[in-house]
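Have a look at the structure below, then the notes.
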Amino acid sequence: MPSVLFVCVHNAGRSQMAAGFMTALSGGKVEVLSAGSAPRDSINPTAVEAMAEVGIDIANNSPKVLTTEAVQQSDVVITMG
């Protein structure tokens, strides 16, 4: 299964939203990861609300720190910024 990693600084908005869209649109055919170089404590509530408006729930996600291992295990790394 291909793997995609979305990266942004805080992993609290853009990368979480992108990961949510990829998860929903791939129908489980892509492993989706997201991480940040300086992750926040929680996801931006505005991002959660915006995704809920299109039927994608990211409310239970949490920001994760970017690791070398996550990059190495991913087929594609997409940076947001």
Phi-based couplings in Hz for segment 25-41 (Karplus 6.51, -1.76, 1.60; Gly and Pro marked x)
7, 7, x, x, 8, 10, 7, 10, 10, 8, 7, x, 6, 9, x, 7, 7
Collect residues whose amide H, placed 1.01 Å from N in the peptide plane, falls under 5 Å from the amide H of Ile78; neighbours closer than 5 in sequence don't count.
Leu5, Phe6, Val7
For Glu49 and Gln72, calculate 0.36 nm times their separation in residues minus their Cα-Cα distance, and state this gained length in nm to one decimal.
5.1 nm
GNM on the chain, Cα springs under 10 Å; top mean-square fluctuation among Thr46, Thr23, Thr68 goes to Thr68
Ranked by GNM mean-square fluctuation in the chain (Cα springs under 10 Å), the top entry among Ser42, Ser26, Ser62 is Ser26
Under the helix-only model (-39500 (n - 2.57) for each DSSP H run of 4 or more, divided by the residues of the chain), the mean residue ellipticity at 222 nm, to 500 deg cm²/dmol, is -10000 deg cm²/dmol
If I compute Kirkwood radius over Cα pairs in Å from the structure I just sent, which labelled value in (1) 12.4; (2) 13.9; (3) 12.8 lines up?
(1)
Where is the GNM fluctuation largest for the chain (alpha-carbon springs, 10 angstrom cutoff): Asn60, Asn44, Asn11?
Asn60
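The numbers here are math on the coordinates, done by the rules we state, and not lab data. This one's a predicted model, so the numbers in the text were calculated from it and none came from an experiment.
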